[in-house]
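The values are calculated or read from the model by the stated rules, or taken from the named source; none is laboratory data. This is a predicted model, so every value here is computed, not measured. Cβ coordinates were reconstructed from backbone atoms using ideal geometry, including for glycine residues, and neighbour counts include every protein chain displayed.
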2 protein chains.
Amino acid sequence: MKFGLFGGAVAKRGENTADSQGYDDFINLVLEAEDLGYNSIFLVEHHFTGGGQVSASLNLLTYIAAKTSRIRLGTAVTVLPWHNPVLIAEQTATLDLLSGGRLDFGVGKGYRDIEYKGFCIPRDEALERYQESVEVIKKSWNSEERFDHNGKYWQFDDIMVEPYTIQKPHPPLWTAAGTDESIARVAESGMNVLFDHFASFERTEERINVWREACAATGRDFDPMQIGLARGLTITLSEKDLEAALHQRDERVSKMFAKFGALPGLEKRQPESYSDPALDMEAAALIGSPDKIIERLKVLEDMGFKHILILLPDNIETLRLFASEVMPVFKESDTTNADAAE
Amino acid sequence: MKFGLFGGAVAKRGENTADSQGYDDFINLVLEAEDLGYNSIFLVEHHFTGGGQVSASLNLLTYIAAKTSRIRLGTAVTVLPWHNPVLIAEQTATLDLLSGGRLDFGVGKGYRDIEYKGFCIPRDEALERYQESVEVIKKSWNSEERFDHNGKYWQFDDIMVEPYTIQKPHPPLWTAAGTDESIARVAESGMNVLFDHFASFERTEERINVWREACAATGRDFDPMQIGLARGLTITLSEKDLEAALHQRDERVSKMFAKFGALPGLEKRQPESYSDPALDMEAAALIGSPDKIIERLKVLEDMGFKHILILLPDNIETLRLFASEVMPVFKESDTTNADAAE
């Protein structure tokens, strides 16, 4: 089983103007996470929030590439309708090249009203723009010959995109999917899939089964490393901690719903699972003692998940505890499997 | 007097596909240059060349930012008509933040047919697009409030661009200028100016005088650090070396003219200065023994140039020789001036 990270840095405008504390803290956390054995960082990208979320995710990942040697570098996700696909192909290939082939390129069509409005992109063009961009990016990465592209939104004439990517035929493409239809579409596309951290274990199990069936239907091998499952994590060492953690998670989820109306993979607030903290724990996040978390992860492992993306916690201590108390259990079983396969 | 570097990395598609040798060599050169006392690297950006020139210059500079601590990081230049100005503002601010305020942002409107064609941007829109982009970028960097932009080429609705830049009010903007008119326009704009490495010493002196007069006319202080003068450099330790170097430079300049028809700041091949290698040396480049180069640099210093950008040589040995044999002469005079000013 592999464990990665999922989240983003914050550098709020007007605060910390004398330094880059928010980004520095995030970078230091990733550097330590690499040492602790985490396998990847999937970095969120957002624009115009006023809250300091990372906007130039490929640039921040390129900086981190220079400071690390092993951890994989992902976006979760780059919203393609905001970007020129050829420039994105150049930037991602450059990151893949400089990192020695460590890019996991997560892409999406966006979901935040503030971003559609900000970039003046009509929401009803998003899917078409996304699809056209994926086509151009893949052609840009793969074509050894000059090519033209005459699309609805983008035109390029006699181009050849450089540099080359290290990973062949190209860096893995990832995208989020929540509904059965979208999961099947991603399986068919050849992309890897990201499942969100909001859905309950029950819904998450349904999703992996839909994925498994869709892979079978399109003749694609089922590879658990091509499925990234995001999960919130709070390790509690007492009953009091546990209560506080459940309460905090409930408040956060409510706040995000209030702000954005909907979240990727979850169309509306589900009071039956989120309003009751105890149910919430059972439903989605990894909250509790190390033993409880190990038990919960084994449930996910049994479903077929081998690639868990831990939602960035507030402090590095949680990642240290997880690495020392939880990861070794799954590392061992991983080694055993590898030996058995030889 | 300060000495920087000007040039780019190469990673040709189809060659070195197993590694990133071209970029690695370039990065190692910059790291050593920082140790040798070079003050800046101005990185060229080009697209679709098929020759492996750097396309994602801000990403490569962000990588270098992580490996260095002092050297300033410039583009020379980012051609604005190819880029979404808000995304560029985000990327440059991120680089400025991560590098601790070391960005020198060089911008231009482009000159290569292959790039206008590739991006399907009509050449006659280039100036307008450039001007609109500069306006949006500056507003993005500086605005503490949300703003709209309803331009001819770009529209943004209720945006706030993050992260903040470290340099205030914003990173220096640089642009190339060759004709008297364009030099005066840049002086008036508040931007810094880059003078090319093709123009003769004579023409270069005319240019700095135009700049000086234009600054006076618009009430701008004359600051030699706001003028970057690019120069080719070949240090020769024998007569034979000298002949070979002059011949090589002549061939290169001819080849570039044959390929691009015109070069920035120089509308057409000037046979009177470039066809004769001896004249060529006198006319533009720094070619010869260390003593000869010191003599030539003193001529430039007398004209008012204090910020020389050395065209990246083929090998690091030239930069080492320049650092050990030439730079100390000017460092001393620099220190003397600083002492005198205290």
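For B:LEU229, state whether it is more than 14 Å from chain A (Cβ to nearest Cβ), closer than 30 Å to A:PHE48 by Cβ and surrounded by 15 or more Cβ atoms within 10 Å (Cβ to Cβ). Talk me through it step by step, then tell me what you get.
Values: more than 14 Å from chain A (Cβ to nearest Cβ): yes; closer than 30 Å to A:PHE48 by Cβ: no; surrounded by 15 or more Cβ atoms within 10 Å (Cβ to Cβ): yes.
It is false that B:LEU229 is more than 14 Å from chain A (Cβ to nearest Cβ), closer than 30 Å to A:PHE48 by Cβ and surrounded by 15 or more Cβ atoms within 10 Å (Cβ to Cβ).
Hey, any hits in segment A:216-223 for a residue that's assigned to a helix (DSSP H, G or I), on the phi < 0 side of the Ramachandran plot and in contact with a Gly (Cβ under 8 Å, 6 or more places away or on another chain)? Show your work before the answer.
Here is the first cut: in segment A:216-223, the residues assigned to a helix (DSSP H, G or I) are A:216-218.
After this cut, where a residue has to be on the phi < 0 side of the Ramachandran plot as well, the list is A:216-218.
Filter once more, so that each one left must be in contact with a Gly (Cβ under 8 Å, 6 or more places away or on another chain): none.
The answer is no; no qualifying residue exists.
Being at pLDDT below 95 and surrounded by 24 or more Cβ atoms within 10 Å (Cβ to Cβ): is that true of B:VAL54 here? Walk me through how you get there before you give the answer.
Numbers: at pLDDT below 95: yes; surrounded by 24 or more Cβ atoms within 10 Å (Cβ to Cβ): yes.
When the stated conditions are applied, B:VAL54 passes them.
Based on this model, can you work out whether A:LYS109 counts as in contact with a helix residue (DSSP H, G or I) (Cβ under 7 Å, 6 or more places away or on another chain), within 7 Å of another protein chain (Cβ to nearest Cβ) and at negative phi? Give the derivation first.
Working: in contact with a helix residue (DSSP H, G or I) (Cβ under 7 Å, 6 or more places away or on another chain): yes; within 7 Å of another protein chain (Cβ to nearest Cβ): no; at negative phi: yes.
Against the criterion (in contact with a helix residue (DSSP H, G or I) (Cβ under 7 Å, 6 or more places away or on another chain), within 7 Å of another protein chain (Cβ to nearest Cβ) and at negative phi), A:LYS109 does not qualify.
I need a count of the residues in segment A:186-215 that are in a loop (DSSP other than H, G, I, E, B) and closer than 16 Å to A:GLY106 by Cβ.
Summing the residues that are in a loop (DSSP other than H, G, I, E, B) and closer than 16 Å to A:GLY106 by Cβ in segment A:186-215 gives 4.
Rundown of residues vs (1) more than 9 Å from chain A (Cβ to nearest Cβ); (2) free of Cβ contacts under 8 Å to residues at least 24 places away in the same chain; (3) crowded, with 20+ Cβ neighbours inside 10 Å, yes/no style:
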site: B:TYR63; (1), (2), (3): no, no, yes
site: B:ARG70; (1), (2), (3): yes, no, no
site: B:LEU80; (1), (2), (3): yes, no, yes
site: B:VAL86; (1), (2), (3): no, no, yes
site: B:GLN91; (1), (2), (3): no, no, yes
site: B:ASP104; (1), (2), (3): yes, no, yes
site: B:CYS120; (1), (2), (3): no, yes, no
site: B:ARG123; (1), (2), (3): yes, yes, no
site: B:LEU127; (1), (2), (3): yes, yes, no
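Is it true that B:ASP104 is in contact with a Phe, Trp or Tyr (Cβ under 8 Å, 6 or more places away or on another chain), on the phi > 0 side of the Ramachandran plot, modelled with pLDDT of 95 or more and of a type outside the set (Val, Ile, Thr)?
Working: in contact with a Phe, Trp or Tyr (Cβ under 8 Å, 6 or more places away or on another chain): yes; on the phi > 0 side of the Ramachandran plot: no; modelled with pLDDT of 95 or more: yes; of a type outside the set (Val, Ile, Thr): yes.
Criteria not met by B:ASP104.
Looking at segment A:192-208, which of its residues are out of contact with any helix residue (DSSP H, G or I) (no Cβ under 7 Å at 6 or more places or on another chain) and either without any contact (Cβ under 8 Å) to a residue 40 or more places away in the chain or within 14 Å of chain B (Cβ to nearest Cβ) (or both)?
Scanning segment A:192-208 gives A:ARG203, A:GLU206.
All but one of (1) within 14 Å of chain B (Cβ to nearest Cβ); (2) buried (at least 22 other Cβ atoms within 10 Å of the Cβ) hold for A:THR175; state the number of the condition that does not hold.
It is condition (1) that A:THR175 fails.
Can we say B:ASP25 is closer than 25 Å to A:PRO169 by Cα and surrounded by fewer than 19 Cβ atoms within 10 Å (Cβ to Cβ)?
Details: closer than 25 Å to A:PRO169 by Cα: yes; surrounded by fewer than 19 Cβ atoms within 10 Å (Cβ to Cβ): yes.
For B:ASP25, the condition - closer than 25 Å to A:PRO169 by Cα and surrounded by fewer than 19 Cβ atoms within 10 Å (Cβ to Cβ) - is met.
Which of the residues belonging to segment A:148-185 are closer than 21 Å to A:GLU45 by Cα and not in a loop (DSSP other than H, G, I, E, B)? Before the answer, list the steps.
Step one: list which residues in segment A:148-185 are closer than 21 Å to A:GLU45 by Cα, which gives A:171-178.
The answer is A:LEU173, A:TRP174, A:THR175, A:ALA176.
Return yes or no: is A:ASN59 at the interface with chain B (Cβ under 8 Å from one of its Cβ atoms) and of a type in the set (S, T, N, Q)? I'd like the intermediate steps shown before the answer.
Values: at the interface with chain B (Cβ under 8 Å from one of its Cβ atoms): yes; of a type in the set (S, T, N, Q): yes.
The answer is yes for A:ASN59.
From the list A:ILE159, A:ILE166, which residue is modelled with pLDDT of 95 or more and on the phi < 0 side of the Ramachandran plot?
Numbers: A:ILE166 fails: modelled with pLDDT of 95 or more.
Exactly one residue qualifies, and that residue is A:ILE159.
Working only within segment A:23-56, note down all residues that are of a type in the set (D, E, K, R) and away from every other protein chain (no Cβ under 11 Å). Quick ask: steps written out before the conclusion?
Here is the first cut: in segment A:23-56, the residues of a type in the set (D, E, K, R) are A:24-25, A:32, A:34-35, A:45.
Answer for segment A:23-56, where residues must be of a type in the set (D, E, K, R) and away from every other protein chain (no Cβ under 11 Å): A:ASP25, A:GLU32, A:GLU34, A:ASP35.
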